[in-house]
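To keep things clear, I will list the structure first and then write my remarks on it.
The values are calculated or read from the model by the stated rules, or taken from the named source; none is laboratory data. Fair warning: this is a prediction, and the values are worked out from it, not measured in the lab. Every residue, glycine among them, receives a Cβ derived from its backbone with ideal geometry; neighbour counts consider all protein chains shown.
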Amino acid sequence: MNSKVNIMIASLYEREDCLIDTLNSLLPQLRKSDTINLYLQNYPDRPKVLDLFDRKINIIYDWEYKDLQSNQIQYAELGIYLFENIKGYVFTCDDDLIYPATYIKDTIKRYNAILEETIGHKAIVSYHGHVIKKLPIANFYQDIYVHRCLQEVDKDYPIDIAGAGVLCYHTDIFNFQKTSNELAKYPIWMRDIHLSLQAKREKISMICLKHDLGYIKYNSKMKNIPTIWDTEYQNPVVQTKLINDFELPFTLWKDYEEDYNPLVDIVIINSRQLTHPQYVAETFNSIRNQSYENIKPYIVSNYNKLMTIGKCWNEAVKQCEGEWVFFLGDDDFITEDYIHSLITEYKNLPSDYKEKVVMVSSFCTIFRDSGEIDRKDIIPTGMWKRDYLLKYPFKEFLTKLVDSSYMDACKERGDIMHVVQHQYGLYYRSHSEQVSGTKAIKGEATGEVDNRIQKQLMKMNLE
């Protein structure tokens, strides 16, 4: 096979200093016969790389392929596939990564070994990869198992989608170089998907390579510079559709199914049964309708509000038996997938990060009896590790802001509260005594209580 190495990088002008760092990590590893191919976007003037590095660098500028009718730049990160006469080993790299000093040599050696072991001797390797969960998926960035290039990967893993920024293949086995007309058919910002789906069509194996934590490093200069992932993460409609519509099956997920089905206790303080029973019924119905089945409700009767919220919660936690405790107001409700989404999010977190997570929550939707709804980036009380709640009880003397003070204390201890940022499925009822979904200092009105029912409760010692 041709031993030439071809480095392919798409870069933005805003990241020019990062690109220089990336090239500094790669260039010492290259021979004179190897090539560097840059697709540069938004560059208003001469790139610094042409003056900094004493070797030939092939460059295509995005303005060379500007759509004159729409005045739009085409191809974006896919522009690296416009280079012609690419032969040998292809390394697609990212301009926000720093590569190890022996990256090229290490990868080629391991790639060739994998080719020998692979049926048909056809493979692509990467240090980052996704395994698609059982179809259909709702969110490409959520419904996946991930092996991350910036984290440890303990062995070589077959993958469905190979991360393009740390990828290597040989053109004798696979080639994705395209003409401008061919490339125009591909939606931008998803080259890893396009390349991987084509590899699957050609029955080429994709492998995520074993590596240590810190083998590949993220450039600290990228702080506050937005990435494609930042903009696409919450609602990747096109990416998700490409996966769901793909003609071949994804089967690797069967090896990743984890039997993580922890008991989630749901604690509700019932203080409105006598004043607003319809609210309580709506809350309880939402619990019964959860798609996640391993739940157990704990109802704390506090009709006369003789106990503080902290006292109610602490007493309930002592009775709970599950790994997690979720707190829900008796006038609020949750969508059918809510508990399932919290558990799934936690299950898919990186293991080193997951160990520090003590709470999983979301944002919420404020609603009013008038029918108005308003999504807010307000974090409700959430789902907590029961052991953590037993170790650090709620403050029972507080009459308001109990959960807020608890979250503040958690933050001070350095423990992690993880928020599912795409989830707004907790519906928080806003009353006249509340401001923007937050309880006002004067508290809630108790409403009229049926005296006959009150006397019965007193006899039963259930008030």
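Results, tabulated for the structure shown:
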| quantity | calculated |
| --- | --- |
| Filter pass, VAL146 being in contact (Cβ under 8 Å) with a residue 60 or more places away in the chain, outside any helix (DSSP H, G or I) and buried (at least 22 other Cβ atoms within 10 Å of the Cβ) | no |
| Residues satisfying the stated conditions in segment 267-287, i.e. crowded, with 19+ Cβ neighbours inside 10 Å, among the hydroxyl-bearing types (Ser, Thr, Tyr) and part of a loop (DSSP other than H, G, I, E, B) | SER271 |
| Residue tally, condition within 21 Å of TRP384 (Cβ to Cβ) and either aromatic (Phe, Trp, Tyr) or touching a Ser or Thr at 6+ places or on another chain (Cβ under 6 Å) (or both), over segment 269-283 | 1 |
| Residue match in segment 254-265 (condition: surrounded by 17 or more Cβ atoms within 10 Å (Cβ to Cβ) and either among the acidic types (Asp, Glu) or closer than 30 Å to ASP369 by Cα (or both)) | yes |
| Criterion violated by ASP331 - all others in (1) touching a Lys or Arg at 6+ places or on another chain (Cβ under 9 Å); (2) surrounded by fewer than 16 Cβ atoms within 10 Å (Cβ to Cβ); (3) of a type outside the set (Phe, Trp, Tyr) satisfied | (2) |
| Test set (1) touching a strand residue (DSSP E or B) at 6+ places or on another chain (Cβ under 9 Å); (2) outside the structural domain of MET383 (by TED's automatic domain parsing) - ILE268 fails condition number | (2) |
| Any hit, segment 344-365, residues being at pLDDT 90 or above and small (Gly, Ala, Ser) | yes |
| Any hit, segment 297-310, residues being modelled with pLDDT under 95, part of a helix (DSSP H, G or I) and in the same structural domain as THR399 (by TED's automatic domain parsing) | yes |
| Evaluation of PHE140 against (1) hydrophobic (A, V, I, L, M, F, W, C); (2) within 26 Å of the chain's Cα centre (by Cα); (3) surrounded by fewer than 20 Cβ atoms within 10 Å (Cβ to Cβ); (4) part of a loop (DSSP other than H, G, I, E, B) (one fails), failing number | (3) |
| Any hit, segment 338-354, residues being surrounded by 14 or more Cβ atoms within 10 Å (Cβ to Cβ), of a type outside the set (Gly, Ala, Ser) and within 25 Å of GLU396 (Cα to Cα) | no |
| Residue within segment 290-301 that is of a type in the set (Gly, Ala, Ser) and under 25 Å from the mean Cα position of the chain (by Cα) present | yes |
| Test: residue in segment 167-178 that is under 20 Å from the mean Cα position of the chain (by Cα) and in the same structural domain as HIS128 (by TED's automatic domain parsing) | no |
| Subset of segment 183-221 [closer than 21 Å to VAL146 by Cα and either part of a helix (DSSP H, G or I) or among the acidic types (Asp, Glu) (or both)] | ARG191, ASP192, ILE193, HIS194, LEU195, SER196, LEU197, GLN198, ALA199, LYS200, ASP212 |
